[in-house]
Each structure stands twice: as C-alpha cells, then as structure tokens.
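A quick write-up on the structure given underneath.
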Amino acid sequence: VQLQAFGGGLVQAGDSLRLSCAASGYSFITYGMGWFRQAPGKEREFVAGISGWSGGSTGYLDSVKGRTTISRDNAKKTMYLQMNSLKPEDTAIYYCAASSGSVWYKDIGQYMYWGQGTLVTVSS
C-alpha cells in the first residue's frame with residue numbers, strides 16, 4: 001500500500017493550491033480518505049474527509065470550511081484537496097490517509113495508511 005501526497009509549495013496569502021494524493025496497492029474506491037495537517041510544534045489535525053465509493057459524504061475542519069474542497073477520482077485512484085484564500089495559519093505539512101472503513105473520520109486513530117506529507121507554506 002502506498003499513498004503519495006504532492007502539490008505543496010510556497011504561496012502568498014490569498015492564493016490557491018491543489019494537493020493530490022495518489023494511492024496504490026489497495027482497493028481505493030472502497031475506503032474513506034482524509035487530509036490532515038501538522039504545523040510546527042502542534043499536533044496533527046483533521047482537515048477534510050471524504051467517504052468511499054461516490055464520495056458523497058464530506059467533512060471539514062471549521063477553519064477551512066467555505067474555502068476548501070475535498071474530492072476523489074476513483075478511476076485515477078487519486079484524492080484532491082483544493083484550497084483557496086490561503087492564510088498563513090494554513091502553513092503545515094499536509095498528509096493524506098486512508099481510513100479503516102468506507103466512511104471518513106475526524107479521529108486520527110481511524111486511519112490505517114498514511115502518505116509521506118507535502119509542505120504548504122503560506123507567506124503573509
């Protein structure tokens with residue numbers, strides 16, 4: 001099983017960025033997925049989640065609601081995180097993860113596979 005997150009970079013406040021997470025080695029379509037982030041000196045936190053299959057259920061961290069969209073392309077075995085109106089407080093390493101079932105969870109302990117992370121830096 002492999003999850004590879006990419007798409008991070010250095011951007012200015014107000015810019016947009018799309019992160020991708022490419023999955024392989026397991027039945028991607030059946031599992032919920034999530035994005036988490038970890039800022040320096042802070043614990044890893046839930047950012048967004050999407051259910052398996054059609055991805056009809058999604059959830060977001062309150063501070064990113066309205067400017068962030070999670071999606072998935074099962075044919076490409078890839079999950080995305082579109083982030084708009086980025087703020088300096090969004091600066092973190094972003095990780096993608098596959099949940100233990102077909103739904104998404106806010107609980108980090110419910111995720112069984114993790115990507116290596118991609119760094120997002122937002123300058124003011």
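The values are calculated or read from the model by the stated rules, or taken from the named source; none is laboratory data. Please read all numbers here as calculations on a predicted model, not as lab measurements. For neighbour counting, all protein chains shown are included, and Cβ atoms are generated from backbone atoms with ideal geometry for every residue, glycine included. Ligands, DNA and RNA are excluded from the accessible area calculation, which covers all protein heavy atoms including side chains. Shrake-Rupley method; radii C 1.70, N 1.55, O 1.52, S 1.80 Å.
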Counting just the residues of the stretch 109-120 that are assigned to a strand (DSSP E or B) and open to solvent by less than 50 Å² (accessible area, probe 1.4 Å), which one comes out farthest from A92 (Cα to Cα)?
-> Y111
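Listed here are the residues, each with its yes/no results for (1) under 14 Å from the mean Cα position of the chain (by Cα); (2) under 22 Å from S102 (Cα atoms).
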{"residue": "F6", "(1), (2)": "yes, no"}
{"residue": "G14", "(1), (2)": "no, no"}
{"residue": "A23", "(1), (2)": "yes, yes"}
{"residue": "G34", "(1), (2)": "yes, yes"}
{"residue": "G41", "(1), (2)": "no, no"}
{"residue": "I50", "(1), (2)": "yes, yes"}
{"residue": "L61", "(1), (2)": "yes, yes"}
{"residue": "T68", "(1), (2)": "yes, yes"}
{"residue": "S71", "(1), (2)": "yes, yes"}
(1) touching a residue at least 60 places away in the same chain (Cβ under 8 Å); (2) outside any strand (DSSP E or B): which one isn't true of A97, the others all being true?
-> (2)
Taking interchain pairs and intrachain pairs at least six residues apart, which have beta carbon atoms under 6 angstrom, with the first residue in the stretch 7-22 and over 15 Å from R67 (Cβ atoms) and the second open to solvent by 60 Å² or more (accessible area, probe 1.4 Å) and at pLDDT below 95?
-> none
